[in-house]
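Quick note: the coordinates plus some simple rules give every number you see, no bench work behind them. Keep in mind that this is a model prediction, so the values were computed, not measured. Glycine gets a Cβ as well: all are built from the backbone with ideal geometry, and neighbour counts include every protein chain shown.
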Amino acid sequence: QVRLVESGGGLVQPGGSLRLSCAASGSIFSINAMGWYRQAPGKQRELVATITSGGTTNYPDSVKGRFTISRDNAKNTVYLQMNSLKPEDTAVYYCNADIQPSIIKYYNRYWGQGTQVTVSS
């Protein structure tokens, strides 16, 4: 059984910062790419950031230069540092990870339960 648990969401004023964490636990043999997505009310889920096992990152233009994704492979954890937050960043943020549960199984994509980020004065 694999679980992803996010933490670090909350209410922040425009221009402020938050750091999200997502820890994977359970039966884990290997983790490939990890990432963050978000979904605002009435909108589709959208990509926020991804990071490969080798550390290559990818961001959409909407967050580039403000958000930074990183990972600690020893802790099976991915982070999202969010700076210069804007009201339009308000959403539920979800992490995901491509995990191989054992050497005889294929990679599957797992999702966390989501954490709310609200940017408002």
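Identify the trypsin sites (Lys or Arg not before Pro) of the range 1-88 meeting these criteria: DSSP loop state and at most 16 other C-beta atoms within 10 Å of the C-beta.
K43, R45, K64, R66, K75
Amide H of L85: which non-local residues (sequence gap of 5 or more, or other chain) have their own amide H closer than 5 Å, using H built in the peptide plane?
G15, G16
Kindly provide the chymotrypsin sites (Phe, Trp or Tyr not before Pro) of the range 34-121 that DSSP labels as loop, not H, G, I, E or B, and whose Cβ sees at most 10 other Cβ atoms within 10 Å.
Y106
Report the residue, chosen from T68, T56, T77, that carries the largest GNM mean-square fluctuation when the chain is represented by alpha-carbon nodes joined by springs under 10 Å.
Evaluated over the chain, the most mobile residue of the options is T56.
Any idea what the relative contact order of the range 59-114 is, in percent, if you count C-alpha pairs under 8 Å spaced at least 6 apart?
That works out to 23 percent.
Between A74, A97, A49, which gets the highest mean-square fluctuation from a Gaussian network model of the chain, Cα cutoff 10 Å?
A74
Considering amide H positions built from the backbone, and no H for Pro or chain starts, which residues 5 or more places from Y107, or on another chain, come under 5 Å of its amide H?
Residues meeting the criterion, in which the H sits 1.01 Å from N, do not exist here.
I need the phi-derived Karplus couplings for the range 3-20: 6.51 cos²θ - 1.76 cosθ + 1.60, θ = phi - 60°, integer Hz, Gly and Pro marked x.
Couplings: 10, 10, 10, 8, 8, x, x, x, 9, 9, 7, x, x, x, 10, 9, 10, 9 Hz.
Note down the net charge around L20, summing +1 for each Lys or Arg and -1 for each Asp or Glu among other residues with Cβ under 13 Å from its Cβ.
+1
How many percent of DSSP beta bridges within the chain run antiparallel, rounded to 5?
The antiparallel fraction comes to roughly 95 percent.
Between I103, G114, G42, whose Cα lies farthest towards the positive end of the dipole of the chain when Lys and Arg beta carbons carry +1 and Asp and Glu beta carbons carry -1, centred on the Cα centre?
Projecting each Cα onto the dipole axis, the largest value belongs to I103.
Return one quarter of the surface area of the convex hull spanned by the alpha-carbon atoms of the chain, equal to its mean projected area, in nm².
7.2 nm²
Would you kindly derive the ³J(HN,Hα) couplings of the range 74-79 from the backbone phi angles with the Karplus curve 6.51 cos²θ - 1.76 cosθ + 1.60 (θ = phi - 60°), listing them in order in whole Hz, with x for Gly and Pro?
5, 9, 6, 10, 10, 10
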